[in-house]
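Below you'll find the structure, written out as structure tokens, and then a few comments.
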Amino acid sequence: MSIKLIAADMDGTLLDSAKQLPEGLFPLIRALRARGVRFAPASGRQYYTLYEQFGAIAEELLYISENGAMVCDGSEIISFEAMPVEEVCRAVETVRVLPGVYTIVSTRDGGVYEDEDDPAFLRNMKMYCARPRG
């Protein structure tokens, strides 16, 4: 049996403490691809954040993002599962009353958050959400 896919978690596994990819990763991924092995970053992060992070080789990868809710081959969405609207609304309502807690709702096109001016939230949100809309 030969290996066809290598999936790697991002935070706490592939990324270092500065949230940087390891040096030499891109040539390694290309060498794997030449042998018929696909590489897939797997994360709770949004697809667009992952895609941007892999820059020059972004189109060569599979992506398992949004905790598995969105799977893409390069820029092509091959699987997307959304939560029922009622559950999303219930979760947002629950979070709204918690002090110091903010909501980002991931969508097929990026992320939506309620207008917020907390600098720490905005800084962290931009680290995990490449296409935020407030």
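Taking amide H as placed 1.01 Å from N in the peptide plane, the amide H of Ala7 sits under 5 Å from that of Ala40, each at least 5 places away or on another chain.
Global size of the range 69-134: 13.3, 39 Å for Rg and Dmax (C-alpha atoms, Rg to one decimal, Dmax whole).
As a check on your grasp of the helix formula, calculate [θ] at 222 nm for the chain: sum -39500 (n - 2.57) over DSSP H runs of n ≥ 4, divide by the residue count, round to the nearest 500.
-8500 deg cm²/dmol
Dipole magnitude for the range 14-86: computed about the Cα centre from +1 point charges on Lys and Arg Cβ and -1 point charges on Asp and Glu Cβ, it is near 360 debye. With the full set of protein chains in place, find how many percent of the accessible area of the chain is carbon and sulfur; take the probe as 1.4 Å. The C+S portion of the solvent-accessible surface of the chain is 55 percent.
Considering only Gln53, Ala8, Met83, and ranking their Cα positions along the charge dipole of the range 1-127 that arises from unit charges at the beta-carbon of Lys, Arg, Asp and Glu, the one farthest toward the positive end is Ala8. Phi-derived couplings, Karplus 6.51 cos²θ - 1.76 cosθ + 1.60 at θ = phi - 60°, listed residue by residue for the range 34-40: 5, 9, x, 9, 8, 10, 9 Hz, with x used for Gly and Pro.
The length gained by stretching the chain between Val97 and Ala120 to full extension, at 0.36 nm per residue less their Cα-Cα distance, is 6.4 nm. Overall, the ratio between the Cα radius of gyration of the range 1-123 and 2.2 N^0.38 Å, rounded to two decimals, is 1.22.
Which value, in debye to the nearest 20, gives the size of the charge dipole of the chain about its Cα centre, when Lys and Arg are +1 and Asp and Glu are -1 at the Cβ? Kindly include the intermediate steps, with their values, before the conclusion.
Numbers: 14 positive and 20 negative charges, 112 e Å.
About 540 debye.
The values are calculated or read from the model by the stated rules, or taken from the named source; none is laboratory data. None of the values given here were measured: they were computed from a predicted structure. Positions of Cβ are backbone-derived with ideal geometry, glycine not excepted, and every protein chain shown enters the neighbour counts. These area figures cover heavy atoms from the full protein model, side chains too; ligands, DNA and RNA do not enter into them. Shrake-Rupley method; radii C 1.70, N 1.55, O 1.52, S 1.80 Å.
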